[in-house]
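Colleague: I'd like to ask you about the structure that follows.
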Ligand code: ADP
């Protein structure tokens, strides 16, 4: 984008000439566009649960409700308030990471131990899915990382794998040790991702549009957060998926910051 304006050049109080100025404002225009897109997405994402909370509380205040209705309304209000709180937390986390202001605490993290912990934690939240671990226990899966960041990354991938696969589904976490890095994969045999959605999948607020999925709660921020966490670890996160068959999220993590520069 070019901004064009004319400026008169004066000499001894008289117009001496006119100068045409061309300014490249591509960067500013792009930032403005991104800002307004963000404001409209955030306001939309906040407005939907808020208006639902407002509507249901109003109904509850106005009418004499049957106990079963009251419970249903309260549950909706609770779910929407929970969604709002997740949304705000995820959004703030992501903003912080993108601005490079998130403080990571580097320590030795055993990914095998973390995978075991996370699997048993998420297995407790679901009776309908089977969570498995595949790793050569004789190998060393320790890396230099931020423990809470790694927990959040694996947790988001695991909860997605459960959310987007049918009852009875299998979710597999696998660890593989390569030269200077550990590859952590989360595989499910769920609904998969259409190839048209793959380029946007890790973008902010992006959710694959399909009526089945719309019924599943989410903020569309989980994968964007995972990507930022992987990036902060000099790692790489990507996905392989066959629509209708399942998805595998693959995270390559260097064992230490130096390992990747060798
Ligand atoms: P959400 O809060 O919507 O789950 P995410 O950023 O975690 O947001 O994921 C973005 C979108 O990617 C999801 O809405 C879903 O459509 C798709 N997705 C993520 N993980 C999977 C998966 N394991 N299988 C199928 N689709 C997935």
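Colleague: Consider residue 256 against the criteria (1) away from the ligand (no atom under 12 Å from the Cβ); (2) in contact (Cβ under 8 Å) with a residue 40 or more places away in the chain; (3) part of a strand (DSSP E or B): it satisfies all of them except one. Which criterion is unmet?
Modeller: Residue 256 satisfies all of (1) away from the ligand (no atom under 12 Å from the Cβ); (2) in contact (Cβ under 8 Å) with a residue 40 or more places away in the chain; (3) part of a strand (DSSP E or B) except (3).
For every residue, the table says whether it meets (1) surrounded by 18 or more Cβ atoms within 10 Å (Cβ to Cβ); (2) modelled with pLDDT of 95 or more; (3) near the ligand (Cβ under 9 Å from one of its atoms); (4) not in a helix (DSSP H, G or I).
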position: 137; (1), (2), (3), (4): no, no, no, yes
position: 160; (1), (2), (3), (4): yes, yes, yes, no
position: 176; (1), (2), (3), (4): no, yes, no, yes
position: 182; (1), (2), (3), (4): yes, yes, no, yes
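Colleague: Going by what's in this entry, would residue 188 be described as in contact with a strand residue (DSSP E or B) (Cβ under 6 Å, 6 or more places away or on another chain), on the phi < 0 side of the Ramachandran plot and without any contact (Cβ under 8 Å) to a residue 40 or more places away in the chain?
Modeller: Taking the combined requirement at face value, the residue does not satisfy it.
Colleague: Considering only residues of region 164-173 that are out of contact with any helix residue (DSSP H, G or I) (no Cβ under 9 Å at 6 or more places or on another chain) and surrounded by fewer than 19 Cβ atoms within 10 Å (Cβ to Cβ), which is nearest to residue 144 (Cα to Cα)?
Modeller: Our first condition is that a residue be out of contact with any helix residue (DSSP H, G or I) (no Cβ under 9 Å at 6 or more places or on another chain); within region 164-173, this holds for 165-168, 170.
Adding the requirement that they be surrounded by fewer than 19 Cβ atoms within 10 Å (Cβ to Cβ) leaves 166-168, 170.
Working: 166: 35, 167: 36, 168: 35, 170: 30 Å.
Residue satisfying both the conditions and the ranking: 170.
Colleague: When the residues of region 219-231 are filtered to those that are within 8 Å of the ligand (Cβ to nearest atom) and buried (at least 20 other Cβ atoms within 10 Å of the Cβ), which remaining residue is farthest from residue 80 (Cα to Cα)?
Modeller: Result: 226.
Colleague: Out of region 232-247, which residues are over 14 Å from the mean Cα position of the chain (by Cα), more than 8 Å from the ligand (Cβ to nearest atom) and surrounded by 19 or more Cβ atoms within 10 Å (Cβ to Cβ)?
Modeller: 233, 235
Colleague: Is there any pair with a first residue in region 65-78 that is at negative phi and a second that is surrounded by 13 or more Cβ atoms within 10 Å (Cβ to Cβ) and outside any helix (DSSP H, G or I) whose Cβ atoms are under 9 Å apart and which are 6 or more apart or on different chains, and what are they?
Modeller: That search, which allows pairs on different chains as well, returns 73/65.
Colleague: Same structure again: When the residues of region 199-218 are filtered to those that are part of a helix (DSSP H, G or I) and more than 8 Å from the ligand (Cβ to nearest atom), which remaining residue is farthest from residue 255 (Cα to Cα)?
Modeller: Among residues in region 199-218 that are part of a helix (DSSP H, G or I) and more than 8 Å from the ligand (Cβ to nearest atom), the one farthest from residue 255 (Cα to Cα) is 211.
Colleague: Among 32, 93, which is the only one that is in contact (Cβ under 8 Å) with a residue 24 or more places away in the chain, surrounded by 10 or more Cβ atoms within 10 Å (Cβ to Cβ) and closer than 30 Å to residue 228 by Cα?
Modeller: After applying the criteria, what remains is 93.
Colleague: Kindly establish whether residue 150 is touching a strand residue (DSSP E or B) at 6+ places or on another chain (Cβ under 6 Å), more than 9 Å from the ligand (Cβ to nearest atom) and closer than 21 Å to residue 86 by Cα.
Modeller: yes
The values are calculated or read from the model by the stated rules, or taken from the named source; none is laboratory data. Model, not experiment: these values are computed from the prediction. Every residue, glycine among them, receives a Cβ derived from its backbone with ideal geometry; neighbour counts consider all protein chains shown.
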